[in-house]
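One structure below.
The values are calculated or read from the model by the stated rules, or taken from the named source; none is laboratory data. It should be emphasised that the depicted structure is a prediction, and the values quoted were computed from it without experimental measurement. So basically every Cβ, Gly included, is an ideal-geometry build from the backbone, and we count neighbours across all protein chains shown. When the accessible area is computed, the model is the full protein with side chains, heavy atoms only, and any ligands, DNA or RNA have been set aside. Shrake-Rupley method; radii C 1.70, N 1.55, O 1.52, S 1.80 Å.
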Amino acid sequence: MVVSTLCYLEKDNKYLMLLRNKKENDVNEGKWIGVGGKCEKGESPEECVIRETFEETGIKLESLKMRGVMTFASEGWEDEYIFVYTSDKFSGHITECNEGELAWIDKDKIMDLNLWDGDRIFLDIMINSDKLFSIKLSYKGDDIVDKQLYVY
């Protein structure tokens, strides 16, 4: 089981989104996602999201809010727990990302992007409420074949 993180930086009613278009053999190729990545040995999800956000954006997170946990299962890929965060307090300047293109996207335009269908579910919760979510998504290719959602 892989443990990883996602962070959506918030500013001016926008999220910083990453269009994954620079890595080879990328399961997320062509999709817009948050920044983040896999936890290293001995690293907490919070340490991971702080490190990954800095590595991918040049931004130093000064606050975090856990928004939920996603359990991701897909044929051909290792199962994954993904801890999802937002941050509205950070410093630094955005640098070029070696995984794709970074862009500030208005929250009301995010659903127009090429997103994973499961991301649409939790992003809707994050944009429209402060509730915590837990979601299990099982995919076959790009299609969700099973979904379990809990909102607290």
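Miscellaneous remarks
- Conditions (1) within 14 Å of the chain's Cα centre (by Cα); (2) among the aromatic types (Phe, Trp, Tyr); (3) exposed (fewer than 12 other Cβ atoms within 10 Å of the Cβ); number of the one not met by Tyr81: (3)
- Scanning the range 1-53 for residues that are closer than 17 Å to Phe90 by Cα, free of Cβ contacts under 8 Å to residues at least 40 places away in the same chain and out of contact with any Leu (no Cβ under 7 Å at 6 or more places or on another chain) gives Glu47, Arg51.
- Residue list for the range 18-56, filter: under 12 Å from the mean Cα position of the chain (by Cα), surrounded by fewer than 17 Cβ atoms within 10 Å (Cβ to Cβ) and not in a loop (DSSP other than H, G, I, E, B): Lys38
- Residue selected from the range 129-143 under the condition farther than 12 Å from Met70 by Cα and touching a strand residue (DSSP E or B) at 6+ places or on another chain (Cβ under 6 Å), by the criterion surrounded by the most Cβ atoms within 10 Å (Cβ to Cβ): Tyr139
- You will find that of Leu115, Leu149, Leu132, the residue that is under 19 Å from Lys23 (Cβ atoms) and of a type in the set (A, V, I, L, M) is Leu115 and no other.
- Residue list for the range 105-128, restricted to those being among the acidic types (Asp, Glu), open to solvent by 30 Å² or more (accessible area, probe 1.4 Å) and under 18 Å from Tyr85 (Cβ atoms): Asp124
- Ile59 meets the conditions (1) over 21 Å from Phe133 (Cβ atoms); (2) within 14 Å of the chain's Cα centre (by Cα) in every case but one. The failed one is (2).
- Any chance Phe90 is among the aromatic types (Phe, Trp, Tyr), under 15 Å from Tyr8 (Cα atoms), open to solvent by 80 Å² or more (accessible area, probe 1.4 Å) and in contact with a Leu (Cβ under 9 Å, 6 or more places away or on another chain): no
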